[in-house]
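> Got a structure here, written out as structure tokens. Questions coming.
Computed from the coordinates by the stated procedures, all read-outs in this text should not be read as laboratory data. Quick caveat, the model's predicted, so the values are computed rather than measured. Cβ placement follows ideal geometry from the backbone for every residue including glycine, while neighbour counts extend to all protein chains displayed.
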Amino acid sequence: MSELLTLGISHKTAPVELRERLALTDTAAAEFLQELSAEPAIREAVAISTCNRTEITVVVGDPVAAESELLGWLARRAGIRPTELGKVMYSPRNCDAARQLFRVTSGLESMIVGEAEVQGQVKRAYETALAAGTAGPLTNRLFTAALQTGKRVRTETKITEGHASVSSVAVSLAEDTLGELTDRHVVIIGAGETSELTARALHERGVTTMFVANRRADRARSLADRFGGDVIAFDKLPTQLEHADIVVAQTASPHPIIDQEELELVMKARDGRPLLLIDIAVPRDVDPACADIPGVTLFDVDDLQGVVRRTTNVRGMEARRAEEIVEEEIERFAEWLGSRAVLPTIAALRQHGTDIVEQVLGENEGRWESASPADLARVEAIARAVMNRLLHEPTIRLKATDPNRSHGRLSLVRELFGMDEGASVDVPEAEHGAEVRSLPRRGA
């Protein structure tokens, strides 16, 4: 029987210095997923990695063994003991795993509730798994439902009103620190989606001079043209740092872009002028030791939380409506998940009964020399009727099983009837709409 398991770490459970050890670029995520899928215990896998979280969702037969194995994989990647990593990780299963993903996709688990980027990040994570060949029937349904949930939340609530994002909060932090930004000299390192949002937020505040440094010159040029900036190459970055007032860094580099030794030389050339660095990348683009250099003010993504708290209450009502939508969609997913688990067991149970009837009829074939064909047909019909009536009530009760209790009940049925855990009969997808009770709302 297949079960969902998510193993994750987020800004709610761990600081950036630990999260960055588990961060995955798209390429690294694809490689990691393929390594995971090579393990017999892992049937499907999808990895989400953003500045706020890394979550690995897998489909497994034994979630206890899979959780231990997956924790070991992640601990080796992070370079820490599994027991230490386990303290900051969460591991929801089945509908709870789905609820976590639905909340993430809806922006409810973000540092900034309703942030704009997260739906696109979840979609890209799913597309990466599809391209890597590690998604499958269960994760396909899960992520399709999650993206639909996120769309509903954004359509039916005002949770994204104001287009709040990590980028906009970073710019607000720069205003809080330096005041008016109009005449400030800004350098943006990176030209991805987050950098684009940063450029837009700066442009809305009248900042017209932006130097965008990125290895992809075409993307950097497009971004600079849209928001009135200029492009510089990475090898020219130290020169631009000598003139900058604000540096916003957000790349996918696995190593720091700005190190302490280099920045010390830059600060000597600035004649004591202060420099504000806002690093919203995970892994971090700026060596944390740069904060010790006189004249340098360095904020990382976790430092943005103080600004975020001031806007939390504004979105409270919309967040509550978003949570209601999530729970509505969880009920739908629970119905599908419950039927997906129950129907193969019901089919296997009835096949088991049919096999017994066939076996008993075969064992007694030829023992009724005087029986006519009509008599033999009646005996067979009676045997099958007894089997059908015997299994009728168990079938009805299995279909009505609460999805929260289905795993234990199905395992008991298989044990009582001596069916192997893997025994099942293929059930067409169209039959998965069989009647099952909805999952109770959390806290109900």
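> Among the complete DSSP H segments of the chain, which ones combine at least 27 Å of alpha-carbon extent along their axis with a mean Kyte-Doolittle hydropathy of -0.5 or more?
Span-like helices here: 316-363, 373-399.
> Quick check on the chain: helices-only [θ] at 222 nm, where DSSP H runs of length 4 and up contribute -39,500 (n - 2.57) each and the sum goes over total residues. Nearest 500, please.
Result for the chain: -17000 deg cm²/dmol, rounded to the nearest 500.
> A further question follows. Kindly put 11, 255, 352, 185 in sequence by how many other C-beta atoms sit within 10 Å of each C-beta, fewest to most.
Taking fewest neighbouring Cβ atoms as first place, the list is 255, 185, 352, 11.
> Positive end of the dipole of the stretch 327-367, charges at C-beta (+1 Lys, Arg; -1 Asp, Glu), about the Cα centre: which of 330, 357, 346 has its Cα farthest in that direction?
Most positive-ward Cα: 357.
> Once R0 is set to 41 Å, what does the formula 1/(1 + (r/R0)^6) return for the Cβ-Cβ distance between residue 225 and residue 262, expressed as a FRET efficiency to the nearest 0.05? Please report the intermediate quantities before stating the final value.
Details: r = 29 Å, r/R0 = 0.70.
With a Förster radius of 41 Å, E is 0.90.
> Now for a separate question. Classify the chain as rounded, prolate or oblate from the Cα gyration tensor: take a ≥ b ≥ c as the square roots of its eigenvalues, call it rounded if a/c is under 1.5, otherwise prolate when a/b beats b/c and oblate if not.
Note, shape of the chain comes out prolate.
> If each residue's Cβ is checked for other Cβ atoms within 10 Å, how do 369, 264 rank with the fewest at the top?
With the sparsest Cβ surroundings first, the list reads 369, 264.
> Nearest 20 debye, what's the magnitude of the dipole of the stretch 192-285 about its Cα centre given +1 on Lys and Arg Cβ and -1 on Asp and Glu Cβ? Please report the intermediate quantities before stating the final value.
On the way: 12 positive and 16 negative charges, 53 e Å.
Once rounded to the nearest 20, the dipole reads 260 debye.
> Here's something else I'd like to know. Work from the charge dipole of the chain (Cβ charges, +1 for Lys and Arg, -1 for Asp and Glu, about the Cα centre) and give the residue of 228, 400, 13 farthest towards its positive end.
Sorting the options by dipole projection puts first 400.
> So how much slack lies between residue 380 and residue 18, counting 0.36 nm per residue of separation and subtracting their Cα-Cα distance, in nm? Please list the in-between numbers first.
Working: separation 362, 0.36 × 362 = 130.32 nm, distance 6.68 nm.
Length gained between residue 380 and residue 18: 123.6 nm.
> Please give the length that would be gained between residue 416 and residue 148 if that part of the chain were fully extended, namely 0.36 nm times their separation in residues minus their C-alpha to C-alpha distance (nm, one decimal). Spell out each step's value before the answer.
Values: separation 268, 0.36 × 268 = 96.48 nm, distance 3.96 nm.
Net length gain for the segment: 92.5 nm.
> Output the peptides 212-221, 45-54 sorted from most to least packed, where packing is the average of other Cβ atoms within 10 Å over each peptide's residues.
Ranking, from highest mean packing down: 45-54, 212-221.
> Would you tally the net charge around residue 361, using a Cβ to Cβ cut-off of less than 10 Å, leaving residue 361 out, and scoring K and R as +1, D and E as -1?
Combined, the nearby Lys, Arg, Asp and Glu give -3.
> What FRET efficiency comes out for residue 389 versus residue 409 if R0 is 22 angstrom and r is the Cβ-Cβ distance? Round to the nearest 0.05.
E(calc), rounded to 0.05, equals 0.55.
> Moving to a separate point now. Taking a cut-off of 23 Å between Cα atoms, list the lysines near residue 12, but don't count ones fewer than 8 places away on the same chain.
In chain and number order, the partners are 87, 123.
> Fewest to most neighbouring Cβ within 10 Å: what's the order for 104, 248?
104, 248
> Next up: For the pair residue 31 and residue 331, what calculated FRET efficiency results from E = 1/(1 + (r/R0)^6), where r is the Cβ-Cβ distance and R0 = 56 Å, to the nearest 0.05?
The value I calculate is 0.95.
> I'd like the distance separating the alpha-carbon centroids of the stretch 106-121 and the stretch 322-356, in whole Å.
One Cα centre to the other: 30 Å.
> Return a whole-number percent for the relative contact order of the chain, with Cα pairs under 8 Å and 6 or more residues apart as the contact set.
Reported relative contact order: 14 percent.
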